[in-house]
Each structure stands twice: as structure tokens, then as C-alpha cells.
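Visitor: The structure under discussion is supplied below as C-alpha cells; questions concerning it will follow.
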Amino acid sequence: MPRPKASEPNKSQSIRDHLAQNPKAKAKEVVAALGGKGVKVTEGLVYAVKGSMKERKRRKNRVVRAAKAATEGGHGVSIKADALTMIREVKALAAKAGGYGKLKELVDPLAG
């Protein structure tokens, strides 16, 4: 199949642009509207583009949900993934316990 000339518009992009302006448009309406602009598209192409747009949105939502789950604990409390923050907390706890040796003595029975 020959490649389209540079002056020809991208059909899929034309469909995406039209659907962005008219999100509730049916496939036949999109074909008619773009046909009026001189862009020949089929209903099948419109359905394919709409499906890929929907999948892209689903994928984005899935990534956002996964990111939220990774940064939140069981009760919506943020997990301190930052190592530097964790080190500072351990240092403060060691100071309260009377040093690293005392802290280790307190923690060893918990580990075993």
C-alpha cells in the first residue's frame, strides 16, 4: 500500500480530533463529518480509534491506581519509602533508647 502524501491528513488523528470535540458522536456521524471535510474514513477505522482511545484511558487509570496502592499503607497512611527519612527515624529512636547498642538489645528479642 503506498504511503500517503505529506499533504494528506492523518485519518486516525482526524478522527481523534473530531471525537475530542464531539465525544458522544456515533461512528456514522464521524464518517459523515470528516467526509464533508474531504477525509475518507470507514466506520471500522472510527471504531478502532475509539477503542484505542478507551484502552489508553484504562491503562492510565490502572497505572494511577497502582501508584496510589504502592504509596499508601492499609489505612491510607503514606509509606515512608524514602531511605533517608527511615534512617533519621532510626537515629532518633536510638537516641531515645540510649544508643545503638541499647536499641539493638531491645530489637533482638523481637526478631527471634
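The values are calculated or read from the model by the stated rules, or taken from the named source; none is laboratory data. No experiment lies behind these values; they were computed from the predicted model shown. Here the Cβ is made from the backbone with ideal geometry for all residues, glycine too, and neighbour counts use every protein chain on show.
Visitor: If you go through the stretch 36-52 one residue at a time, how many are among the hydroxyl-bearing types (Ser, Thr, Tyr) and not in a helix (DSSP H, G or I)? Before you say what the answer is, go through the steps one by one.
Guide: Start the filter on the stretch 36-52 by keeping residues that are among the hydroxyl-bearing types (Ser, Thr, Tyr), which leaves 42, 47, 52.
Imposing the further condition that a residue be not in a helix (DSSP H, G or I) reduces the set to 42.
Number satisfying all stated conditions: 1.
Visitor: Moving to a separate point now. Does Ala20 fit the bill of being at pLDDT 90 or above and either of a type in the set (Phe, Trp, Tyr) or assigned to a helix (DSSP H, G or I) (or both)?
Guide: Values: at pLDDT 90 or above: yes; either of a type in the set (Phe, Trp, Tyr) or assigned to a helix (DSSP H, G or I) (or both): yes.
Spelling it out, Ala20 is indeed at pLDDT 90 or above and either of a type in the set (Phe, Trp, Tyr) or assigned to a helix (DSSP H, G or I) (or both).
Visitor: So which residues in the stretch 38-53 are among the basic types (Lys, Arg) and surrounded by 12 or more Cβ atoms within 10 Å (Cβ to Cβ)? Spell out the reasoning first.
Guide: Looking only at the stretch 38-53, we keep the residues that are among the basic types (Lys, Arg), and these are 40, 50.
If the condition is that a residue be among the basic types (Lys, Arg) and surrounded by 12 or more Cβ atoms within 10 Å (Cβ to Cβ), then Lys50 is the only one that fits.
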